[in-house]
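Heads up: the structure comes next, in structure tokens.
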Amino acid sequence: MKLNLKEKIFNLLAQKFFGLNYNFSEAKDFNLNKELKNNGGNIPYKKDSISITSKVLDNNKIIKFSNDFNIYACGTEKFETSEKIGVWEYYYKNEIENKTLKKYRVIDYSKDKQSLFYPTGEEHIRVLENGTVETYYRSGELEKISRKTATEIVFEYSFFQNGKLKEKRAFYREHLIGEYELYKEDGILLKKAFYNAQGELDGFYQEFYSNSKLKIETFYINGKKIAFEKEFYENGQLRSCYLYSENKKIKLFGIFLDNGANI
């Protein structure tokens, strides 16, 4: 039964993309040395480290299966080097049981573009020629966009489904750099910070309540708290004030009630 299912997968792909009919059992029993001897080097199948079989069709187009015989990919590659050419399509492995072919990725190797899909068919991630990566919610709204610059800094913006900005940040070699902002779904700023080239907090660090009132304000130099750290109540009244020197709390300037009275 399993072999019949594999044959159906193979035949369906061959028919869908190339208009050809092939039997998967031929590839399953393929013997490289025998094929070389009988065909003078013209090999219709081959095996490599990531695929059990490859069926060479017209113009070097092939169908590949992963090592567990699930659908791997369908496209064109150079037979000698396995270098992929043009558009390749990758599929969810179990959808064949429903007599459908649902792809999870399409890559255009000639233009360095690709798209990834949810199991239900909606586009999930799109990689553009300029390196910009767009991520989408299942319902189609833009969820995140990131772009890598020539200096290897990646600028990333994420959004709520209503289109409001959720988070703004930048990375350099896997650590944060530059301005960082975090928002609520209604557009209220929740956090604001700045990171230096080493990924350390540098400058003012601020957190806010849902009503936009300042909650915490601290100042950093090279990742260490310097000068005053102030904490506020939701009504805007000062709650506490401490003096810091290189992350060490050295003086208390006051603790207050939410009506402003000193404790």
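Here, each number is a calculation from the coordinates, and none is a lab measurement. Everything quoted here is computed from the prediction, not taken from an experiment. Cβ coordinates were reconstructed from backbone atoms using ideal geometry, including for glycine residues, and neighbour counts include every protein chain displayed.
Please give the Cα centre distance for region 209-241 versus region 117-172, rounded to the nearest Å. Each part's Cα centre sits 31 Å from the other's. Summing Lys and Arg as +1 and Asp and Glu as -1 over all other residues whose Cβ lies under 13 Å from the Cβ of ILE177 gives a net charge of -2. With a cut-off of 13 Å between beta carbons, the residues surrounding LEU214 carry a summed charge of +1, where Lys and Arg count +1 and Asp and Glu -1.
Using a ≥ b ≥ c from the Cα gyration tensor of region 89-189 (square roots of the eigenvalues), is it rounded, prolate or oblate, where a/c under 1.5 gives rounded and otherwise the larger of a/b and b/c decides, a/b for prolate? Note, shape of region 89-189 comes out oblate. Let me check I've understood the local charge: for ILE255, count other residues with C-beta under 10 angstrom from its C-beta, Lys and Arg +1, Asp and Glu -1. What total comes out? Local net charge: 0. Each peptide in 148-159, 231-242 gets a packing score, the mean of other Cβ atoms within 10 Å over its residues, and the list from highest to lowest is 231-242, 148-159.
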